[in-house]
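Some notes on the structure that comes next.
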Amino acid sequence: MLSVALTGLNYGTTYNVGVRAQDNPGNISATATVSFTTLPSAPGTPTASNIAGTSATVSWSAATDANGVTGYSYQINGGAWSASSDVLSVNLTGLGYGGSYTITVRAEDAAGNSGPTASGTFTTPPSTPGVPAVSNIK
């Protein structure tokens, strides 16, 4: 066996792993070591509220990390990631009437690691139609 799956690890924790080889006569090699740090967890699924024609509020629950989550960034419909901030919601403006939006959020820790993402979708309502015109009145 040349690999092992490590389970039950904590988010945002540094682990040191050592490996030694043993041959048939029972000779044991020196230990080769490696360190790694697990990522923060994914935040909760983003949900939208206060949805209007061109705006919405999107919120998510906190991610976890042994050393603390320092912020969250988000992207809309796969676009550029926003700057990281330490809030659990964002007010989106400039949306289009009748638009479908996917918001993806990720947590970041003090070491600069970004964790896995969580995504949610919502649709804005259509615009109000114009004032009806009346014609051919007799």
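Pick out which of 19, 58, 90 has the largest mean-square fluctuation in a Gaussian network model of the chain, springs linking Cα atoms closer than 10 Å.
Between 19, 58, 90, it is 19 that shows the largest mean-square fluctuation.
I need the peptides 104-111, 121-128 ranked by packing, meaning the mean over residues of other C-beta atoms within 10 angstrom, with the highest value on top.
104-111, 121-128
Give me the percent of the accessible area of region 38-138 that comes from carbon and sulfur atoms, probe 1.4 Å, all protein chains in place.
Answer for region 38-138 is 52 percent, counting heavy atoms of protein chains only.
Specify the residue with the greatest mean-square fluctuation among 77, 91, 16, computed from a Gaussian network of the chain linking alpha-carbon atoms under 10 Å apart.
16
In square angstrom, what is the accessible area per residue of the chain with a 1.4 angstrom probe?
For the chain, the per-residue accessible area is 65 Å².
State, in angstrom, two size descriptors of region 1-122 derived from its alpha carbons: Rg to one decimal place and Dmax to the nearest whole number.
Cα only, region 1-122: 20.7, 75 Å (Rg, Dmax).
With label points built 7 Å along Cα→Cβ from the Cα atoms of residue 52 and residue 131, find their separation and express it in nm.
2.2
The values are calculated or read from the model by the stated rules, or taken from the named source; none is laboratory data. Given the structure is predicted, the values throughout are model-derived calculations rather than measurements. Glycine also receives a Cβ, built like all others from the backbone with ideal geometry; neighbour counts cover every protein chain displayed. Only protein heavy atoms, including side chains, enter the accessible area calculation; ligands, DNA and RNA are left aside. Shrake-Rupley method; radii C 1.70, N 1.55, O 1.52, S 1.80 Å.
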